[in-house]
Amino acid sequence: MTGARVEPIAPASLGMDEIRTRIDATLDDFLRAKAGPDAEPALPDEVTGTLHGFVTGGGKRFRPLLCVLGWHAAGGDGYVPASVVQAAASLELFHAAVLIHDDIIDNSDTRRDQLTVHRVLAARHQNRRDPRQFGAHAAIVLGDLAMVWSAELLHTAGLTAGQLAAALTVLDGMRAEVMYGQYLDLLTTACPSSDLSSAMEIIRYKTVAYTCERPLQLGAVLAGSDPEVLAALSAYARPLGEAFQLQDDLLGVYGDPSITGKSNLDDLRDGKHTALVALALEHADPAQADQLHAALGDPELDEQRAATCRDVLAAAGRPHVEAMIRTRWAQAQHALNDAPLPAAVIQALRYVADVAVARTA
């Protein structure tokens, strides 16, 4: 499957197209209210407008949609309550916060084919003596605000006390996992090595739980899930989350910026310690390894040297990563074979797995 926007689409019986629309409307209404005349505190448009533009300016809503699928998986039937939709939407604001901070750390210029938040804020203050520093610092604040508002969306969703307690157990774990994964990423950036286990540890903490497993779990606990359903969802989500990030690592190097909406130089210039890099260094000959060590992490890496780097990665690492993706896709699909889930949910989750490994953005 190809295209700039590939979205998980569940069978029509689950009404996921409508859910996507309701999630978008929930986010739009919430952020407009934060910019309205009755908002407390009253924040300037520069703050509310920038965050609103970023959140509503793109994104697949992958995590909120998985949350609703988790609700269906645990027996949620019929019309999805507004409380569940709002809880699902809170995941998108958390995701926005992570992306804003990630783009600062990676010094990225674009996201979703638009300027990153820190670049937008820097551009608005070109008259300052320190526009780039201001943009980065201000974007940190906006990312923090997105996290705060993510929590507010959850707490004002109208969940029962039992639902909220169960949701917080899931989300508290998710938040800590993502932050630790980000820390591991920082530790290894610009220090590429052949250590595949550390690259996979970053994936498990930074991506697997927060992209696939925790959203499914959140929806499931809101529907009062039993342990067997949660275990089945985890058995599916863990290999899928790894496949998702492995594919993302390939897109970070080989993706078309006009489709992905972000640079395919940033990961190389930063020297990201990915499975692609680890496997390439493991299988490269000495001359190829020297080329990679010289190029990866060089902030001045130009397109010509990047092309050489891509060639080495393609020869020594990419086939192994693609094999890992296929293996994990098969594991996720196999986990659904005897899963105690409704047939429509299994069909939807199989489609999500297909989309995750075939996406081009």
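The values are calculated or read from the model by the stated rules, or taken from the named source; none is laboratory data. Predicted model only: the values in this text are computed from it and were never measured. Glycine gets a Cβ as well: all are built from the backbone with ideal geometry, and neighbour counts include every protein chain shown.
Reported count of residues in region 154-166, each being loosely packed, with under 13 Cβ neighbours inside 10 Å and either assigned to a helix (DSSP H, G or I) or of a type in the set (Phe, Trp, Tyr) (or both), is 3. Of the residues making up region 208-241, those that are in a helix (DSSP H, G or I) and among the hydroxyl-bearing types (Ser, Thr, Tyr) are 210, 211, 234, 236. Given 304, 347, 291, 333, which one is in contact with a Cys (Cβ under 8 Å, 6 or more places away or on another chain), surrounded by fewer than 22 Cβ atoms within 10 Å (Cβ to Cβ) and among the polar types (S, T, N, Q)? Exactly one of 304, 347, 291, 333 is in contact with a Cys (Cβ under 8 Å, 6 or more places away or on another chain), surrounded by fewer than 22 Cβ atoms within 10 Å (Cβ to Cβ) and among the polar types (S, T, N, Q), namely 291. Residues that are in contact (Cβ under 8 Å) with a residue 60 or more places away in the chain and assigned to a loop (DSSP other than H, G, I, E, B): does region 94-107 have at least one? Yes, region 94-107 has at least one match.
Within the option set 128, 119, being more than 16 Å from residue 53 (Cα to Cα) and either surrounded by 15 or more Cβ atoms within 10 Å (Cβ to Cβ) or without any contact (Cβ under 8 Å) to a residue 40 or more places away in the chain (or both) holds for one residue only, 128.
Remark: pairs (first residue in region 184-208, in contact (Cβ under 8 Å) with a residue 24 or more places away in the chain; second residue small (Gly, Ala, Ser) and outside any helix (DSSP H, G or I); Cβ separation under 8 Å; 6+ apart in sequence or on different chains) = 189/271; 189/297; 190/271; 190/297; 191/271; 191/297; 192/271; 192/297. Evaluating residue 169 against the criteria (1) without any contact (Cβ under 8 Å) to a residue 60 or more places away in the chain; (2) closer than 27 Å to residue 323 by Cβ; (3) more than 13 Å from the chain's Cα centre (by Cα); (4) surrounded by fewer than 22 Cβ atoms within 10 Å (Cβ to Cβ) leaves one unmet condition, (2).
Within region 176-193, which residues are crowded, with 19+ Cβ neighbours inside 10 Å and more than 25 Å from residue 298 (Cβ to Cβ)? Within region 176-193, 177, 178 qualify.
Taking the listed residues 146, 151, the one that is among the hydrophobic types (A, V, I, L, M, F, W, C), in contact with a Leu (Cβ under 6 Å, 6 or more places away or on another chain) and part of a helix (DSSP H, G or I) is 146, with no other qualifying. Just to be sure I understand the filter: pairs with C-beta atoms under 9 Å, separated by 6 or more residues or on different chains, first member in region 8-28 and under 17 Å from residue 341 (Cβ atoms) and part of a helix (DSSP H, G or I), second member modelled with pLDDT of 85 or more and small (Gly, Ala, Ser). Which pairs pass? Going by the 9 Å Cβ cut-off, the qualifying pairs are 13/344; 14/344; 14/348; 16/348.
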